[in-house]
């Protein structure tokens with residue numbers, strides 16, 4: 001076959017590189033070289049060298065399972081805890097130092113009765129959330145506050161659907177970072193609500209007792225605060241939250257917050273896609289949507305990971 005003169009150097013270079021290219025594209029061999037035991041013969045292991053679960057037991061009657069999520073064959077453990085679950089999987093052993101409680105959008109904007117009167121279930125979730133925060137801190141589990149918090153750049157890149165969804169009149173003028181005016185506080189004082197979900201504004205801060213908990217935890221170094229500019233704090237290739245999880249070898253995530261069928265679900269689903277263990281804590285989460293939306297979250301969270309009640313988690317951590 002006659003090749004155009006211009007192509008000849010490229011073809012010759014590819015021909016010379018063929019052995020190297022074959023090695024690069026032999027992904028199975030490459031994986032085994034890196035992972036060592038990627039093709040484990042242990043039938044109890046599911047996953048690979050870097051990310052796996054170990055099956056500890058299966059109930060012959062209910063088929064409910066107990067899993068070891070510590071990855072202890074390659075990562076050190078401190079004081080693993082077995083957490084009872086309420087879904088199809090009966091329990092899971094976690095490593096506290098590689099676990100985190102992700103609290104999503106429990107902000108004044110979504111929970112304060114003057115701003116969202118219908119968020120009664122969300123306000124009811126504050127007490128269990130505070131209790132779980134303190135139990136997790138004592139056990140070495142990190143607390144990760146993940147909230148809407150826009151800056152000027154976020155306004156530029158925000159998609160039209162989000163701008164419209166948070167607008168009062170379908171215009172940018174009443175969407176993110178628009179002035180929300182004032183409300184009367186609990187003691188009759190005037191509260192500057194601030195710019196809508198803009199970083200540093202009062203409406204973007206955690207609601208009620210959660211604000212004090214966040215400040216205290218950040219000062220102690222047990223808690224970390226992450227701004228987000230999408231429904232999910234883990235969307236796309238990387239986010240501040242995602243980078244923290246990666247750099248600190250976090251593998252197991254407990255989720256709470258509002259709204260459960262929107263931002264909580266979005267983050268949980270992205271975490272599931274990225275290979276994290278996901279645990280939904282329903283009494284620390286809520287939504288203003290119809291009940292069937294919450295049912296969807298619980299059903300699919302059980303499929304994609306685990307479901308656990310905060311009181312059961314606290315008892316297991318202290319046991």
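Which residue out of 121, 163, 144 is touching a helix residue (DSSP H, G or I) at 6+ places or on another chain (Cβ under 7 Å) and over 30 Å from residue 70 (Cβ atoms)?
Only one candidate qualifies: 163.
Taking (1) within 25 Å of residue 287 (Cβ to Cβ); (2) in the same structural domain as residue 234 (by TED's automatic domain parsing); (3) not in a loop (DSSP other than H, G, I, E, B) in turn, residue 164 satisfies each apart from (2). Taking the range 230-250 as the region of interest, how many residues are part of a loop (DSSP other than H, G, I, E, B) and in contact with a strand residue (DSSP E or B) (Cβ under 6 Å, 6 or more places away or on another chain)? Summing the residues that are part of a loop (DSSP other than H, G, I, E, B) and in contact with a strand residue (DSSP E or B) (Cβ under 6 Å, 6 or more places away or on another chain) in the range 230-250 gives 2. For the range 195-202, state whether one or more residues are in a loop (DSSP other than H, G, I, E, B) and out of contact with any strand residue (DSSP E or B) (no Cβ under 9 Å at 6 or more places or on another chain). The answer is yes, given that some residue of the range 195-202 is in a loop (DSSP other than H, G, I, E, B) and out of contact with any strand residue (DSSP E or B) (no Cβ under 9 Å at 6 or more places or on another chain). For the range 287-304, indicate whether the set of residues that are outside any helix (DSSP H, G or I) and within 15 Å of the chain's Cα centre (by Cα) is non-empty. Scanning the range 287-304 turns up no residue that is outside any helix (DSSP H, G or I) and within 15 Å of the chain's Cα centre (by Cα).
The residues listed here are 281, 215, 258; of these, the one that is without any contact (Cβ under 8 Å) to a residue 12 or more places away in the chain and closer than 25 Å to residue 127 by Cβ is 215.
Give the residue, chosen from 136, 101, that is in a helix (DSSP H, G or I), farther than 27 Å from residue 193 by Cβ and in contact with a strand residue (DSSP E or B) (Cβ under 6 Å, 6 or more places away or on another chain).
136
The values are calculated or read from the model by the stated rules, or taken from the named source; none is laboratory data. A quick note: this is a predicted structure, and the numbers were derived from the prediction, not measured. Don't worry about glycine lacking a Cβ; one is built from the backbone with ideal geometry, like all the others, and counts go over all protein chains shown.
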